[in-house]
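Here's the structure, in structure tokens; my notes come after.
The values are calculated or read from the model by the stated rules, or taken from the named source; none is laboratory data. Since we're looking at a predicted model, the values are computed, not measured. Counting neighbours? That spans all protein chains shown, and the Cβs are built from the backbone with ideal geometry, glycine included. Accessible surface is based on the protein model in full, side chains and every heavy atom, while ligands, DNA and RNA are left aside. Shrake-Rupley method; radii C 1.70, N 1.55, O 1.52, S 1.80 Å.
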Amino acid sequence: MTPAQFEKQIEPRWQKLEQLLTEAEKSQPTVNVDELPATFRQVCHDLSVAQHRMSPQRLTQRLNALAIRGYRVLERRSTGGWESFVRLLLVEFPQGVRTEAKLFWWCTALFYVPAVVMAAFTPSHPEWSMALLGPDGMAQIEGMYGEDSSPGEFMRDKFGSNFAMFCFYIWNNVSINFKTFAGGMLGGVGSLAALLFNSLFLGAVAGYVHYSGNPQTLYSFVAGHSAPELTGLVISAMAGMRLGLSVLRPGRLERHAALVLAGRKALPLLIGAATLTCIAAVIEGFWSAQNFAPVIKYTFGAINWLLLAAFLFFSGRGQAHAA
């Protein structure tokens, strides 16, 4: 095939790619924009063939310019903007949780079972919770969840406003999530230890409130934000464990490559967990602190658990799975 015949054969692909790139650059894509990646790959192949056959410089320069232009458009659309962030949260995050379903349920059991056991036994053995909470922790819990106490008023007195409470919850809870995730670098042991400590601490708080405070004050306060906050913590530990397992069990990959691959899979989980924790901080700072009737708070909390479960189970189904 002569260079002229080769150019005539593939020219329709050039024109098609130029049209698709023009539409994408103007942010006015048509229904055919889905063909852009495939057409881009075909033109890249044409460039490789032209270079191999030592075609005229005019031909290779045109193909090379199209390839560079296509790469820039695809790179911009795949890595930047709110669309990518929204897709990460609404598609890749729940897909990642479902893909790691066994690890998710294992971390969930590892978090809730020790907490429930601790909460069940500490009312009759308060020294267990006292050892974990310490004098300052016990004093704070009695101030928040005592018989005549209000968690919202206690926190407002401490921080000055609901907004200041919200800022504290953002800083405190998100930092816990990131520390839990980072512990996964130690072969998963750090994430495991952080998850167990938070589980036992939560159980100690609940048990001590049953021992010396008002349980309804505690449960009505945490009902609204417990779903996103606790699930965010579990998913952070899950993401950290995924990193740790990639180090311990890299399979056929080198450990470095396995760690990089696990990091890519864990990133949507970590960002999703941090987002859940931020949502929990908003609820905790501006809703949970209000003096609504317990039944209203319990109903709101139950709805949040159902919505979160539905989101993790259904969101992103039917969408292309993140590679």
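Could you tell me whether V73 is at pLDDT below 80 and either open to solvent by less than 20 Å² (accessible area, probe 1.4 Å) or part of a loop (DSSP other than H, G, I, E, B) (or both)?
It is true that V73 is at pLDDT below 80 and either open to solvent by less than 20 Å² (accessible area, probe 1.4 Å) or part of a loop (DSSP other than H, G, I, E, B) (or both).
How about the stretch 272-301: which of its residues are more than 25 Å from R87 (Cβ to Cβ) and open to solvent by 50 Å² or more (accessible area, probe 1.4 Å)?
F286, W287, Q290, N291, F292, V295, I296, Y298, T299, F300
Six or more apart or on different chains, Cβ under 9 Å: which pairs go from a residue in the stretch 203-231 that's outside any helix (DSSP H, G or I) to one that's open to solvent by 20 Å² or more (accessible area, probe 1.4 Å) and among the polar types (S, T, N, Q)? Could you list them?
From residues that are outside any helix (DSSP H, G or I), the pairs are G213/S149; N214/S149; A223/T299; A223/N304; G224/N304; H225/N304.
A quick yes/no check of all residues on (1) modelled with pLDDT of 90 or more; (2) open to solvent by 70 Å² or more (accessible area, probe 1.4 Å); (3) hydroxyl-bearing (S, T, Y); (4) under 28 Å from D157 (Cα atoms):
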site: A262; (1), (2), (3), (4): no, no, no, no
site: L307; (1), (2), (3), (4): yes, yes, no, no
site: R317; (1), (2), (3), (4): no, yes, no, no
site: A322; (1), (2), (3), (4): no, no, no, no
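I'd like to know if the stretch 124-140 contains one or more residues that are out of contact with any Asp or Glu (no Cβ under 7 Å at 6 or more places or on another chain) and not in a helix (DSSP H, G or I).
yes
Being crowded, with 24+ Cβ neighbours inside 10 Å, touching a Phe, Trp or Tyr at 6+ places or on another chain (Cβ under 6 Å) and either acidic (D, E) or modelled with pLDDT of 85 or more (or both): is that true of G240 here?
Spelling it out, G240 is indeed crowded, with 24+ Cβ neighbours inside 10 Å, touching a Phe, Trp or Tyr at 6+ places or on another chain (Cβ under 6 Å) and either acidic (D, E) or modelled with pLDDT of 85 or more (or both).
Quick check on this structure: which one of S150, S124, S84 is of a type in the set (S, T, Y) and buried (at least 16 other Cβ atoms within 10 Å of the Cβ)?
S150
Scan the stretch 141-173 for residues that are of a type in the set (S, T, Y) and not in a loop (DSSP other than H, G, I, E, B) and jot them down.
If the condition is that a residue be of a type in the set (S, T, Y) and not in a loop (DSSP other than H, G, I, E, B), then Y145, Y169 are the ones that fit.
I'm trying to understand the selection: among the residues of the stretch 41-67, which are in a helix (DSSP H, G or I) and basic (K, R)?
Narrowing the stretch 41-67 to residues in a helix (DSSP H, G or I): 41-52, 57-67.
Selection gives R41, R58, R62.
How many residues does the stretch 163-208 contain that are within 17 Å of the chain's Cα centre (by Cα) and open to solvent by 60 Å² or more (accessible area, probe 1.4 Å)?
3
May I ask you to list pairs of residues, at least six apart or on different chains, whose Cβ atoms are under 7 Å apart, with the first in the stretch 161-182 being in contact (Cβ under 8 Å) with a residue 60 or more places away in the chain and the second being assigned to a helix (DSSP H, G or I) and charged (D, E, K, R)?
Going by the 7 Å Cβ cut-off, the qualifying pairs are N162/R156; M165/R156; Y169/E284; N173/E229.
Output the residues belonging to the stretch 183-202 that are small (G, A, S) and free of Cβ contacts under 8 Å to residues at least 40 places away in the same chain.
A193
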